[in-house]
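*Asks:* A single structure is presented below for examination.
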Amino acid sequence: MTMRRTLPVLVAALALASCSSTSPGADSTSSAATTSAVASTTSARPASTTTAAASTTTTTNPAAALELSSSGLGELLFGDDSEGVFATLTTILGEADEDTGWLDTAMEALACPGTEVRFVRWHDLTITFSDESPYATGSRHFAAYTYGPAAGDTIEPWGLATEAGLGVGDTVADLTEMYPDAVVHLADELSGPSFYIEEGLSGFLTGVDPIEELISFVGGYGCGE
């Protein structure tokens with residue numbers, strides 16, 4: 001399958017990364033303000049996919065089980081067998097949008113550890129499989145993920161967040177409230193503004209001010225080691 005042009009950029013982003021509620025108001029005025037505030041941000045959880053208007057039915061989102069962490073995605077842990085992880089993600093997310101297949105890192109001149117690597121993308125979630133990482137060696141396994149930035153108005157799959165509930169579209173203020181020890185980095189000559197929660201879990205920002213937003217998460221260790 002032909003890879004979209006953004007995938008090489010993603011590989012570069014992985015390399016850089018490795019080196020590195022709104023309540024309804026009491027009147028129509030506050031309601032309008034709430035609507036305006038929500039519309040002004042990039043939402044990781046579209047209203048149309050949570051609770052339908054004038055309905056008490058809440059949509060179930062299987063992808064929400066893929067909790068973003070420094071250990072993996074939910075119960076899918078870094079170091080797990082690649083085929084098992086791929087099969088589980090396909091069951092949850094459907095057929096992948098892009099799959100490079102296994103690439104020879106030397107022949108492709110990729111700055112990736114090991115001898116082979118594979119990138120699989122489901123919309124705005126990309127998984128890195130490798131035969132070499134801090135989690136395993138000599139076997140094909142789950143090594144890293146990137147979630148975001150969103151290619152459209154909302155991120156897909158929607159609903160992925162950390163254990164504390166932090167996700168794409170949340171603010172720097174949310175980040176520092178949920179993770180007081182998180183570090184926010186200014187843009188430099190190599191990459192844009194970024195954040196670091198803990199070893200193996202970081203991401204990128206629109207800026208470093210409290211109102212700026214999280215645009216992506218990077219977990220694990222991919223290319224650039």
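*Asks:* Going by the structure shown, is Ala182 under 25 Å from Leu76 (Cβ atoms) and modelled with pLDDT of 95 or more?
*Replies:* Against the criterion (under 25 Å from Leu76 (Cβ atoms) and modelled with pLDDT of 95 or more), Ala182 qualifies.
*Asks:* Based on this model, can you work out whether Ile92 counts as in contact with a helix residue (DSSP H, G or I) (Cβ under 6 Å, 6 or more places away or on another chain), outside any loop (DSSP other than H, G, I, E, B) and either more than 19 Å from Phe142 (Cβ to Cβ) or at pLDDT 95 or above (or both)? It would help to see each step written out before you state the result.
*Replies:* Working: in contact with a helix residue (DSSP H, G or I) (Cβ under 6 Å, 6 or more places away or on another chain): yes; outside any loop (DSSP other than H, G, I, E, B): yes; either more than 19 Å from Phe142 (Cβ to Cβ) or at pLDDT 95 or above (or both): yes.
Yes; evaluated as a whole, the condition is true for this residue.
*Asks:* Quickly run through the range 179-206 and pick out the residues that are surrounded by 16 or more Cβ atoms within 10 Å (Cβ to Cβ), of a type in the set (A, V, I, L, M, F, W, C) and outside any loop (DSSP other than H, G, I, E, B).
*Replies:* Across the range 179-206, the qualifying residues are Val184, Phe195, Ile197, Leu201, Phe204, Leu205.
Per-residue answers, yes or no, for (1) under 24 Å from Glu83 (Cα atoms); (2) of a type in the set (Lys, Arg):
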residue	(1), (2)
Thr105	yes, no
Cys112	yes, no
Arg118	yes, yes
Asp131	yes, no
Ala136	yes, no
Glu163	no, no
Asp170	no, no
Glu177	no, no
Ala187	no, no
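*Asks:* I'm checking my understanding of the structure. Among residues of the range 124-159 that are closer than 16 Å to Phe195 by Cβ and not in a strand (DSSP E or B), which one is nearest to the chain's Cα centre (by Cα)?
*Replies:* The qualifying residue nearest to the chain's Cα centre (by Cα) is Gly148.
The values are calculated or read from the model by the stated rules, or taken from the named source; none is laboratory data. All values reported here derive from a predicted model rather than from experimental measurement. Positions of Cβ are backbone-derived with ideal geometry, glycine not excepted, and every protein chain shown enters the neighbour counts.
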